[in-house]
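The values are calculated or read from the model by the stated rules, or taken from the named source; none is laboratory data. All values derive from a computational prediction rather than experimental measurement. Heads up, the Cβs are rebuilt from the backbone with ideal geometry, glycines too, and the neighbour counts pull from every protein chain shown. The area values use the complete protein model at the heavy-atom level, side chains included, leaving out ligands, DNA and RNA. Shrake-Rupley method; radii C 1.70, N 1.55, O 1.52, S 1.80 Å.
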Amino acid sequence: MLISNAMPAAFSRLLFIVLVALAGWFGVSRLDFDVDPLSLLPQNLPGLEGTRLLRDLKSDQLIVTLQSEDAELLEVAADSLAGHLATKKDLAASVKHKSLLQSDPEVIAEVIAWLWRNAPTENVAALKASLAPDKLPALLEKSREATANSLDLQNATLTGYDPFGIARGALAMLSPNGDTTAMASDEFTSADGTLRLLFIQPPADALADYRTVNAWLTKLKQDIRETWQKSDEALAKVQIGFTGDPAFQAEIATGMESDMRQSISAVTFIVGFLFWLLHRRIVPLFWLLLAILCANLLTLGAAGAIYGSLNVMSMGFAAILTGLIEDFGVIGLHAASEHPRESYAEIRRRVLPGVAWSAVTIAAIFAALGLSQLPGVAQLGMLAALGVLIGAAVMLLGFLPLGMKPYVVHASACETPAPRLGLTLQKTFTWLLAALLLAATAVILIKGLPHADFGSSVLRPKQSEAFDISEQIEAKMIASDQTVPLLIHAANTDQLRQNLAEASKLLTGLPHTIPTALIPHSTNQHSNTPTLQSLAASEKALQTALDTAGFTDTAFSLTQKVLAKWSSPLTSDVSPLTGLISTSPDGSLTALGSFSPAKGIHDPLLTKLEAIPGVHPAGWNYLRVSLEPLLEREITRVCLPTAGIALVLFFLVFHGTRERLHAAGVLLVSAWVLLGSMAAFGWTWNLMSIGAVPLCLGLGLDFTIHMMHTLREKGSTAAHAASLGRSLAYCGLSTGLAFGSLALGSNRGLISLGCITMTGVITVLLTSSFALPYVWFRRNDTE
């Protein structure tokens, strides 16, 4: 009769689950992955805006690295690969592999002409005076001597192609401190010649989304490694690497997708396998897995509606949520098996207080992670909190009326389960916990408490070619570890010039490069045009002077091209060196410079520069320095509110001194064993593993609430506690192993969080589900 009466209700619950799944799927369809590593950092972090601007200068370009101890082989290989890709328009829209001074003479001439068009009028007047007919013999004689006698090979070579000093004068304007070698250097080759770079612009259709980017990158890698390298034995000796925004996008997004599939699959298997061991029933298992899927979909749907995208860290919420919410369903089934004569409404009323307090406690502690300044941690906490509340509702309203049907029987069929196994487990695990407590004490006395490591390395993937190659480029291509990129952003050219001027004042006396000369200057362009056109008109006179001085025709080639540019009207107001000055679609401009602070990366000068509107020191070295004190503050920002919330809930949930002392003992013993385990395995507290504190605290309270709710019931015996302990053992193992599945992921932070939380959860399980009732009833016996 009870079953037949439950059928309409069961049908309505099934309909409820279907509607929840549909609503969740609708939200998931609006969800996207945020694959930007910088999105994991606080948006007001010093250096973040500059690093983002630095990346955006070449946001679409893939960087291919060639490495070998043979510098000559690398030069040949770079030319060969560039030529190979130039014929593959489906793989590369364009390829750059040479510096300005090695590139097409037309490009060099265009840059030089641009610099003089926008130069201060007095500089152009000085150039015209130096090229006056009566000054030319002395100027050319000086250039001849420099070519023949200069110890600076680069300067001698440049002078040989630029005897009139037009190109050298332009380069000098790029470097206000007078160091022209920095601007004329080869930015595609390391100083020791063992690393060369190629910048590849992907085809437009390859950038539609991360899947197309990954497909294009896979095809490109296969072509380079399987076709190009195998075409010559010498090329096979060259080491190839890939980095840049397309590589990061493909690597992180596909890793997130794989981690999510792997984590949910592993957790689902664990939950199902352990449920079968405990209940030996297929139908409840089916409804449990369906309810877990619905809760995950609904939470993902809420994430799509609230956030729009998930970052690499918040993806871990799926494993966390799956391991948590099934507890609520199992507790309901346990109550149904203990009271088989009661209806769904009676079972729901029986378990509702414990489930409600447990869900609210865990959700509140997870929500405390939302106070974190790190977007990934905050989003992870908020989604887990939301998912716990959703999961509790789905389990009580959707799963329980369907899952409990096999347990509803007539009174005559009721049997009391044999408590012997549960009581034996209580005693065994209590003594095991005592041994672990002694071992933890010994380890901590010998090795000390776990250390704190709040560096930024935890933010990166466990294995990442893009990150590794990027660090190699940074180590080999930057002249000094203390060289800091400087990004200057402004809405228009006048503001950009003003920002550059303010930055230059602070950099006076320091090695620095500021591309002020590349900024379009309409007034100077208008004033300089007649003067430059008059110089262009004197082309024959300049060539005659050069021939008379004994120079070859090659020496006049570059100058001739520059004069031809001056004789033509200016057709574009965009700098030809887009790598140093870039223009956004909205008309704003970004300039790239660099400087070497006197006191290194910790120099207060960086803070002063950051205070100038639009001026942003950049680079991962600066980000690491900015991030470390913030991570240390995270402990008080997150853990103290968490402890406060837990303390308030602790006094609300537990009644009387005895309950509170036993509950406090559970938490303290579990924490000490966890600290000993961390010390034994060499685990440290870091940016992500610190999140294990609220997780273990919440789960410790969760299990203790359920057990204490049973212990305080009138007529409760050790057998009842042992029966509940078996159900909680299932919950704890499935939750702990769910966190352990994070260790299979690709993100270092989530791996660290998974290992430590798994250890903490299993420790909490032993303490609350077995040691607590054992101690509770032994004390009753002694009294």
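Return the residues of segment 349-394 that are farther than 22 Å from Ile306 by Cβ and touching a residue at least 40 places away in the same chain (Cβ under 8 Å); say none if nothing qualifies. Result: Val351, Leu352, Pro353, Gly354, Val355, Trp357, Ser358, Thr361. The residue of segment 575-595 that is modelled with the lowest pLDDT, among those that are over 20 Å from Gln498 (Cβ atoms) and surrounded by fewer than 18 Cβ atoms within 10 Å (Cβ to Cβ), is Thr578.
Residue-by-condition table, conditions (1) under 24 Å from Gln201 (Cα atoms); (2) modelled with pLDDT under 70; (3) of a type in the set (A, V, I, L, M); (4) out of contact with any Ser or Thr (no Cβ under 6 Å at 6 or more places or on another chain):
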{"position": "Leu31", "(1), (2), (3), (4)": "no, yes, yes, yes"}
{"position": "Asp36", "(1), (2), (3), (4)": "yes, yes, no, yes"}
{"position": "Pro42", "(1), (2), (3), (4)": "no, no, no, yes"}
{"position": "Arg52", "(1), (2), (3), (4)": "yes, no, no, yes"}
{"position": "Ile63", "(1), (2), (3), (4)": "yes, no, yes, no"}
{"position": "Asp70", "(1), (2), (3), (4)": "no, no, no, yes"}
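Only a single item in (1) modelled with pLDDT under 75; (2) open to solvent by 20 Å² or more (accessible area, probe 1.4 Å) is not met by Ile17, and it is number (2). Gly370 - would you say it is open to solvent by less than 20 Å² (accessible area, probe 1.4 Å), at pLDDT 80 or above, in contact with a helix residue (DSSP H, G or I) (Cβ under 6 Å, 6 or more places away or on another chain) and on the phi < 0 side of the Ramachandran plot? Answer is no for this residue. Condition check for Lys237 on (1) loosely packed, with under 15 Cβ neighbours inside 10 Å; (2) on the phi > 0 side of the Ramachandran plot; (3) not hydroxyl-bearing (Ser, Thr, Tyr): one failure, at (2).
Selection of segment 472-504 for residues being surrounded by fewer than 14 Cβ atoms within 10 Å (Cβ to Cβ), part of a loop (DSSP other than H, G, I, E, B) and at pLDDT below 80 yields Ala479, Ser480, Asp481.
Has segment 179-200 got at least one residue that is farther than 30 Å from Asn123 by Cβ, at pLDDT below 85 and in a strand (DSSP E or B)? First the steps, then the outcome.
Looking only at segment 179-200, we keep the residues that are farther than 30 Å from Asn123 by Cβ, and these are 189-200.
Then drop every residue that is not at pLDDT below 85, which leaves 189-193.
Next, from what is left, pick out any that are in a strand (DSSP E or B): 189.
So far as segment 179-200 goes, yes, one or more of its residues are farther than 30 Å from Asn123 by Cβ, at pLDDT below 85 and in a strand (DSSP E or B).
Ala738 falls short on exactly one of the conditions (1) crowded, with 24+ Cβ neighbours inside 10 Å; (2) in contact with a strand residue (DSSP E or B) (Cβ under 6 Å, 6 or more places away or on another chain), and that condition is (2). Among residues of segment 443-471 being of a type in the set (A, V, I, L, M) and over 18 Å from Val625 (Cα atoms), the one that is modelled with the lowest pLDDT is Ala466. When you check Phe551 against the structure, is it more than 27 Å from Leu41 (Cβ to Cβ) and either under 43 Å from the mean Cα position of the chain (by Cα) or surrounded by 12 or more Cβ atoms within 10 Å (Cβ to Cβ) (or both), yes or no? Criteria met by Phe551.
Yes/no per residue for (1) over 26 Å from Glu713 (Cβ atoms); (2) surrounded by fewer than 23 Cβ atoms within 10 Å (Cβ to Cβ); (3) in contact with a Leu (Cβ under 7 Å, 6 or more places away or on another chain):
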| position | (1), (2), (3) |
| --- | --- |
| Leu333 | no, no, no |
| Glu342 | no, yes, no |
| Pro375 | yes, yes, yes |
| Ala392 | no, no, no |
| Gly398 | yes, no, no |
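Looking at segment 282-311, I want the residues that are over 13 Å from Gly272 (Cβ atoms) and have a partner that is open to solvent by 10 Å² or more (accessible area, probe 1.4 Å) and hydroxyl-bearing (Ser, Thr, Tyr) with Cβ atoms under 9 Å, at least 6 apart or on another chain. Which pairs are those? Close Cβ pairs (under 9 Å, with a partner that is open to solvent by 10 Å² or more (accessible area, probe 1.4 Å) and hydroxyl-bearing (Ser, Thr, Tyr)) amount to Gly301/Ser29; Ala303/Ser309; Gly304/Ser29; Ser309/Ser39; Asn311/Ser39. The one condition from (1) free of Cβ contacts under 8 Å to residues at least 60 places away in the same chain; (2) among the basic types (Lys, Arg); (3) in contact with a helix residue (DSSP H, G or I) (Cβ under 6 Å, 6 or more places away or on another chain) that Arg225 does not meet is (3).
Working carefully through the options Glu628, Glu634, Glu659, find the one that is assigned to a helix (DSSP H, G or I) and open to solvent by 40 Å² or more (accessible area, probe 1.4 Å).
Exactly one of Glu628, Glu634, Glu659 is assigned to a helix (DSSP H, G or I) and open to solvent by 40 Å² or more (accessible area, probe 1.4 Å), namely Glu628.
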